[in-house]
Amino acid sequence: MTTSPAATRLTQYAHGGGCACKIPPGELEDMVRGLVGVGSPDLLVGLDDGDDAAAVRIEAGSGGDVAVLATADFFTPVVDDAYDWGRIAAANALSDIYAMGGRPILAVNLLGWPRDVLPPELAQEVLRGGLDVARLAGCPVAGGHSIDDPEPKYGMAVTGLADPNRLLRNDAAEAGLPISLTKPLGVGVLNNRHKATGEVFAHAVESMVALNDTASTAALAGGLRAATDVTGFGLLGHLYKMARASGVSAVVDASAVPYLDGARESLRAGFVPGGSRRNLDWVRPHLEAAVSDEDLVLLADAQTSGGLLVAGEVPCGTVIGEFVARSEHPLRVR
């Protein structure tokens, strides 16, 4: 028997929500270790450093070579509103292309739906939200794939284009460069509070549906070479991957990191996703910290459709630290 759309709280149909449902980073790395696929000299970015999208060079005739980017991202409901969930999931999937310095050119939907439990009208709203955000990005959506699934899931597989000589990569950070963050943290704890209480945080939704296109364009215009987006592994998790891949250490000024209103209060009230604590457990052996555990949990908070983390300054970002020469600890928080 299906549920009325008006009475449906989508977050109650999933064991977790958003990018907090990611397989823990250490477990995932063990799972994919050694799976390098078919080698090719044209594969510019693959599985090695866990970058945001794959990149392959193709010949483009007299116009020079071009890099084709490919990514896929989907997750369970992070908010109860079906349309907003669709918008958030689409922005999150498109973000992987922007994090590589690319331009999305095509997306296809990925949908899992408990068709005997939730009405098709809600699924239509999810897809409409995804389409509207893709339209804002100038990215056509052409079909996709759907399955009957016990838990609702939605996302996109996205193809993009980039200059192969101007990719933003997570292995290109250099000592002496500032670290910029282009969206505030805190959506993990706010979404967890929303799931538990039904409270709606419009400013968190606004942050999650915002595209990272402007930040990506600014990074490229500034000649920057290293970036990643902040999603399910939290700021500390993604920054650790970036520092490790680049052979540098990252020093974070905790007092400079911006947070969404209500994030710290939600943390203190106990609304912490399990993924956020797993993120902190993963990076703790590689971390030197002079701040409280409360600060560390927020810095490790599992984000959904977060901002870009850039090696260098961008006009739309906040400088939260710097990359320095590699030391005993790849991560330092002061």
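Restricting attention to segment 285-333 and to residues that are hydroxyl-bearing (Ser, Thr, Tyr), in a loop (DSSP other than H, G, I, E, B) and in contact (Cβ under 8 Å) with a residue 12 or more places away in the chain, the residue that is surrounded by the most Cβ atoms within 10 Å (Cβ to Cβ) turns out to be Ser305.
Could you tell me whether segment 188-206 includes any residue that is under 13 Å from the mean Cα position of the chain (by Cα) and closer than 16 Å to Ser95 by Cα? No: segment 188-206 contains no residue that is under 13 Å from the mean Cα position of the chain (by Cα) and closer than 16 Å to Ser95 by Cα.
When Ala134 is tested against (1) among the aliphatic types (A, V, I, L, M); (2) in contact with a Phe, Trp or Tyr (Cβ under 6 Å, 6 or more places away or on another chain); (3) without any contact (Cβ under 8 Å) to a residue 60 or more places away in the chain, exactly one condition is not met: (2). Scanning segment 155-190 for residues that are in a loop (DSSP other than H, G, I, E, B) and either in contact with a Cys (Cβ under 6 Å, 6 or more places away or on another chain) or within 23 Å of Arg277 (Cβ to Cβ) (or both) yields a total of 4.
Selection of segment 138-177 for residues being closer than 10 Å to Ala107 by Cβ and surrounded by 21 or more Cβ atoms within 10 Å (Cβ to Cβ) yields Cys139, Gly155, Met156, Val158, Gly160. Whether any residue in segment 138-147 is touching an Asp or Glu at 6+ places or on another chain (Cβ under 8 Å) and touching a residue at least 12 places away in the same chain (Cβ under 8 Å) is what I want to check. So far as segment 138-147 goes, no, none of its residues is touching an Asp or Glu at 6+ places or on another chain (Cβ under 8 Å) and touching a residue at least 12 places away in the same chain (Cβ under 8 Å). The single condition among (1) outside any helix (DSSP H, G or I); (2) in contact with a strand residue (DSSP E or B) (Cβ under 8 Å, 6 or more places away or on another chain) that Asp80 does not satisfy is (2).
Here Val56 meets the list (1) modelled with pLDDT under 70; (2) not in a helix (DSSP H, G or I) almost entirely, failing just condition (1).
Only one entry in Ala263, Ala210 is within 14 Å of the chain's Cα centre (by Cα) and in the same structural domain as Trp282 (by TED's automatic domain parsing), namely Ala210. The C-beta contact set for segment 63-82 (first residue farther than 19 Å from Pro273 by Cβ and in contact (Cβ under 8 Å) with a residue 12 or more places away in the chain, second residue among the charged types (D, E, K, R) and crowded, with 24+ Cβ neighbours inside 10 Å, distance under 8 angstrom, 6+ apart or interchain) comprises Leu69/Asp96; Thr71/Asp52; Thr71/Asp96. Of all positions in segment 305-319, at least one carries a residue that is under 25 Å from Asp30 (Cβ atoms) and touching a strand residue (DSSP E or B) at 6+ places or on another chain (Cβ under 7 Å). Identify all residues within segment 93-149 that are under 28 Å from Arg169 (Cβ atoms), of a type in the set (Val, Ile, Thr) and assigned to a helix (DSSP H, G or I); write none if there are none. Result: Ile97, Val133.
Among residues of segment 214-269 being part of a loop (DSSP other than H, G, I, E, B) and of a type in the set (A, V, I, L, M), the one that is farthest from Arg169 (Cα to Cα) is Ala269. Residues in segment 59-89 that are of a type outside the set (Asp, Glu), surrounded by fewer than 19 Cβ atoms within 10 Å (Cβ to Cβ) and either modelled with pLDDT of 90 or more or under 21 Å from the mean Cα position of the chain (by Cα) (or both): 5 in all.
The values are calculated or read from the model by the stated rules, or taken from the named source; none is laboratory data. Please read these numbers as outputs of a predicted model, since none were measured by experiment. So basically every Cβ, Gly included, is an ideal-geometry build from the backbone, and we count neighbours across all protein chains shown.
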